[in-house]
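Following: one structure in structure tokens, then a few remarks.
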């Protein structure tokens, strides 16, 4: 079963986030983008997605070593973007930052190095720090058309402090281990 190291975005029960997300979704809808599914729960940034669970028992202590010295990370969401899934079926509308903190890139790099040492199976494409916001069927709109529309929309910013890392199974199968960022 697939598992991942994620940085949860601390927005649960946050009225400022709820208002920001509602305005942003409304802006996307009014632009005529055919979103098939919105991300509504567990907003997070995937640091490393591992395709199988043969090495979960080894990944957990490895992730613990990587995150133990990581401070809490100030993060500003101020960018809407889009990419196409590996299988080409969907475009993912994502949130990101014009200035991604170096700590996030360091977590990704160190996690990949550790996973390589375990021969873990993961996608070796370049790390793209993002927070999934919505899904658009690829047969409904081209990537370039979608990107052009998104980049023309207002890009309101939202500020938060990333204070946790979580090793978890994909989907609703749950948490394997959580850590506080210092």
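If I fit a long axis through the Cα atoms of helix 102-117 and take the longest principal axis of the Cα atoms of the chain, what angle between them do I get, 0 to 90°, rounded to 10? Rounded to the nearest ten degrees, it is 50.
Could you tell me the distance between the Cα centroids of region 57-114 and region 162-182, to the nearest Å? Region 57-114 and region 162-182 have Cα centres separated by 13 Å. Computed per residue of the chain from DSSP H runs no shorter than four, each worth -39500 (n - 2.57), the mean residue ellipticity at 222 nm is -9500 deg cm²/dmol. Shown for 29, 79: other C-beta atoms within 10 Å of each C-beta, ranked fewest to most, produce the order 29, 79.
Subtracting the Cα-Cα distance of residue 84 and residue 99 from their residue separation scaled by 0.36 nm leaves 3.2 nm.
Label-to-label distance, residue 42 versus residue 109, with points set 7 angstrom from Cα along the beta-carbon direction: 2.9 nm.
Over all distinct Cα-Cα pairs of region 87-169, the Kirkwood formula returns a hydrodynamic radius of 15.6 Å. The order of 125, 170, 23, going from fewest to most other C-beta atoms within 10 Å of their C-beta, is 125, 23, 170.
Per-residue extension of 0.36 nm, minus the Cα-Cα distance of residue 125 and residue 170, leaves a gain of 14.3 nm for this segment.
Reported value for region 36-182: 119 Å³ per residue, from the convex hull of its C-alpha atoms. Label sites at residue 64 and residue 161, each approximated as a point 7 angstrom past Cα along Cα to Cβ, lie 2.6 nm apart. For the Cα atoms of the chain, what angle does the longest principal axis make with the long axis of helix 56-67, in degrees from 0 to 90, nearest 10? It is inclined by approximately 80 degrees. Remark: 151, 91 ranked as 151, 91, counting other beta-carbon atoms within 10 Å and listing the fewest first. With the simple model of a label 7 Å out from the Cα in the direction of the Cβ, residue 54 to residue 12 spans 3.4 nm. Computed from Cα atoms, the angle from the helix 143-152 axis to the main principal axis of the chain rounds to 70 degrees.
Bear in mind these aren't lab numbers, they're just calculated from the coordinates by the rules spelled out. Since the model is a prediction, treat every value here as computed from it, not as a measurement. As a convention, Cβ positions derive from the backbone with ideal geometry for all residues, glycine included, and neighbour counts pool all protein chains shown.
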